[in-house]
Protein chains: 2
Amino acid sequence: MLFLLHRPLQEARSMPPTSAPSPRARVRRAPSRADYDRATIDAILDEGLVAHLGFAVDGQPYVIPTLHARSGDVVYVHGSAASRMVRTLAAGTPACLTVTLLDGLVLARSAFHHSMNYRSVVVLGQARLVEGDAERRGALRLFTERLVPGRWDEVRPPTRQELKGTQVLALALDEASAKVRRGGPVDEDEDHALDVWAGVVPLALERGTPEPDERLRPGIAASAAVDGWAATADRRAA
Amino acid sequence: MLFLLHRPLQEARSMPPTSAPSPRARVRRAPSRADYDRATIDAILDEGLVAHLGFAVDGQPYVIPTLHARSGDVVYVHGSAASRMVRTLAAGTPACLTVTLLDGLVLARSAFHHSMNYRSVVVLGQARLVEGDAERRGALRLFTERLVPGRWDEVRPPTRQELKGTQVLALALDEASAKVRRGGPVDEDEDHALDVWAGVVPLALERGTPEPDERLRPGIAASAAVDGWAATADRRAA
């Protein structure tokens, strides 16, 4: 059973860390699937729509789904200024941010070799509370723009009060690793003689047709940003 | 900005926990979206194809994507018997297992009220190493069956050696909470007068057409389990 995916923290192997940014960020299970290349890491972070953010309080870990947005060498998350999560992370509590994309079910000839195709990134580190107004506003803009490019300029910008209630945290990509599994099942040689269908069922997060809000005023045209983005997505999917 | 999703650990509110199974499992941000009903929790766990498992070692949390499978009141995960994660969790280290389903991008008239539609479950607790052969084999069967029902009986079962190398961990659902956001944007009253398109872009993890393994022997028909499951999925999607 190889369903356990990105495993950076596992039993030490005799193989030395190659280009892992730190010993603890090194992928130890199935290290051949590891990738410390920033282009790979950035592409996964930029495609994923949700991150899972881990931090411990009194020894109990919490894993919270949240939107993230990368800008250069940092990945931003945000939350209510009143939240314990924001205060905990801003105090320098170690954190782990993980983004996972599912690409396929891998159906092997044996139960044991069933697997998933996926791309994942694990970022370790301590978050920094973003204090400067310019960086904070830039991050908030990114959260919107990464979902629908062009959207920020269509909508009402945040008021001072809204900005005041929102905190942004930045996690540096110094200790990041990617792990990728692609391709078909890897069966035992002798299992290829079995009369068992094997292959991959592709998986992808698809967007549907935009649904107008029920309180949308008559005569308001569909958003150029949403339309343009939908058309781009269609071309990508085609 | 309301992009921070399932937030069970947040500033204490004056509102008492209603039906949360424990104070620390109580959803504190946007508690109106919380749901402690087991039917809701089970449905989310059963639909999600990946869980994010959190545990801390020497104060550093790790969040690892992994397949999970629910059976009654427990959720199983598994890993190599040699892995540090398995040994860490088997030793009783507190864990958190989170499953998140993305259902839509919520595009509001203001940047601040952009959000996501989602369903998530957070399970807190200590994992138990599954020792009995029957329970362990049953769990391994579940990992395969939950992806493609009927698949287990089509494939070569695990050998004694394969079983020996795989450990299964069980996490009880005693401290679980669900959080769900549905529907359109919730804008400020005055923002409804703006000339801004608002609505929801649905999201769903879709499966594509099964792709046969390149080493598939000629004459092997597509798997009944894969075919049947694909047809069911088509009907669900239609």
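If you place +1 on the Cβ of every Lys and Arg and -1 on the Cβ of every Asp and Glu, how big does the dipole about the Cα centre of region A:57-167 come out, in debye to the nearest 20?
100
With the alpha-carbon atoms as the only input, what is the per residue convex hull volume for chain A in Å³?
Each residue corresponds to 177 Å³ of Cα convex hull volume.
With every protein chain left in place and a probe of 1.4 Å, what is the accessible surface of B:R70, to the nearest 10 Å²?
60
I'd like the Karplus ³J(HN,Hα) series for region A:199-215: coefficients 6.51, -1.76, 1.60, θ = phi - 60°, whole numbers in Hz, and an x wherever there's a Gly or Pro.
Once θ is set to phi - 60°, the couplings for region A:199-215 become x, 10, 9, x, 10, 7, 7, 9, 9, x, 6, x, 10, x, 4, 5, 9 Hz.
Using a 1.4 Å probe on protein heavy atoms, which residues of region A:51-81 have at least 50 Å² less accessible area in the complex than alone?
Output list: A:H52, A:Q60, A:P61, A:Y62, A:V63, A:I64, A:P65, A:H78.
What's the magnitude of the charge dipole for the protein assembly as shown around its Cα centre, counting Lys and Arg as +1 and Asp and Glu as -1 at the beta-carbon? Answer in Debye, nearest 20.
Approximately 1140 debye in magnitude.
Report, in degrees rounded to the nearest 10, the 0 to 90 angle that the Cα long axis of helix A:224-237 makes with the longest principal axis of chain A.
Its long axis makes an angle of about 10 degrees.
Computed on protein heavy atoms with a 1.4 Å probe, what is the summed buried accessible area for the chain pair A and B, in Å² to the nearest 100?
So the buried area, both faces added, is about 9200 Å².
Under a 5 Å amide H to amide H cut-off, with H placed in plane at 1.01 Å, what residues pair with B:T166 once short-range neighbours are removed?
Excluding prolines and chain starts, which carry no amide H, the hits are B:A81.
Would you work out the charge dipole size for chain A about its Cα centre, treating the Cβ of every Lys and Arg as +1 and the Cβ of every Asp and Glu as -1, and quote it to the nearest 20 debye?
780
Would you kindly work out, in nm and rounded to one decimal, the distances from the label point of B:R182 to those of the same position in each other copy, ordered shortest first, with label points 7 Å along Cα-to-Cβ?
Values, ascending and in nm: 4.0.
Which of the trypsin sites (Lys or Arg not before Pro) found in region B:182-219 are loop residues per DSSP with 16 or fewer other Cβ atoms within 10 Å of their Cβ?
B:R182, B:R215
Starting from region B:123-206, pick out the GluC sites (Glu not before Pro) whose DSSP state is loop and whose Cβ has at most 10 other Cβ atoms within 10 Å.
Hits after loop and neighbour filter: B:E131.
Between A:T93 and B:E188, what is the label-to-label distance in nm when each label sits 7 Å out along the Cα-to-Cβ direction?
3.1
Keeping the other protein chains in place, figure out the carbon and sulfur percent of the accessible area of the protein assembly as shown, with a 1.4 Å probe.
About 51 percent, which is the carbon plus sulfur part of the accessible surface.
Specify which residue in the list A:G219, B:V148, B:V27 is farthest towards the positive end of the charge dipole of the protein assembly as shown, using unit charges on the beta carbon of Lys, Arg (+1) and Asp, Glu (-1), about the Cα centre.
The one lying farthest along the dipole's positive direction is B:V27.
Taking amide H positions as placed 1.01 Å from N in the peptide plane, with prolines and chain starts having none, which residues 5 or more places from B:R146, or on another chain, fall under 5 Å of its amide H?
Close amide H contacts, sequence-distant or interchain: none at all.
Every other copy gets compared here: list the nm distances from the B:A30 label point (7 Å along Cα to Cβ) to its counterparts, shortest first, one decimal.
3.3
The values are calculated or read from the model by the stated rules, or taken from the named source; none is laboratory data. All of these numbers come straight from a predicted model, not from anything done at the bench. Cβ atoms come from the backbone with ideal geometry, glycine included; neighbour counts cover every protein chain shown. These area figures cover heavy atoms from the full protein model, side chains too; ligands, DNA and RNA do not enter into them. Shrake-Rupley method; radii C 1.70, N 1.55, O 1.52, S 1.80 Å.
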